[in-house]
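One structure is given here, and the rest of the page talks about it.
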């Protein structure tokens, strides 16, 4: 599932409403998902919605990153 530009605009607007600390946490969570093979866009979109530890658990057992996100969201 790819995001459209409209979806990205929504996420940008949401990011503006976050505190600096919340934004740093989101960026760190995004990086963790990217390390697992999730695209940058998808990682940012779902970083606050899924537990990256659970994504890692599935990926380490051979689940494709995109499917792991689908399972956990």
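The values are calculated or read from the model by the stated rules, or taken from the named source; none is laboratory data. All values reported here derive from a predicted model rather than from experimental measurement. As a convention, Cβ positions derive from the backbone with ideal geometry for all residues, glycine included, and neighbour counts pool all protein chains shown.
Taken over the stretch 15-39, the residue count meeting the criterion of being within 16 Å of residue 67 (Cα to Cα) and part of a helix (DSSP H, G or I) is 3.
For first residues located in the stretch 54-73 and more than 16 Å from residue 32 (Cβ to Cβ), partners that are at pLDDT 95 or above and not in a loop (DSSP other than H, G, I, E, B) and lie 6+ apart or on another chain with Cβ distances below 7 Å form the pairs 71/58.
Residues are listed down the side, and each one gets a yes or a no for (1) over 9 Å from the mean Cα position of the chain (by Cα); (2) modelled with pLDDT of 90 or more:
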site: 12; (1), (2): yes, no
site: 21; (1), (2): yes, yes
site: 35; (1), (2): yes, yes
site: 38; (1), (2): no, yes
site: 48; (1), (2): no, yes
site: 57; (1), (2): yes, yes
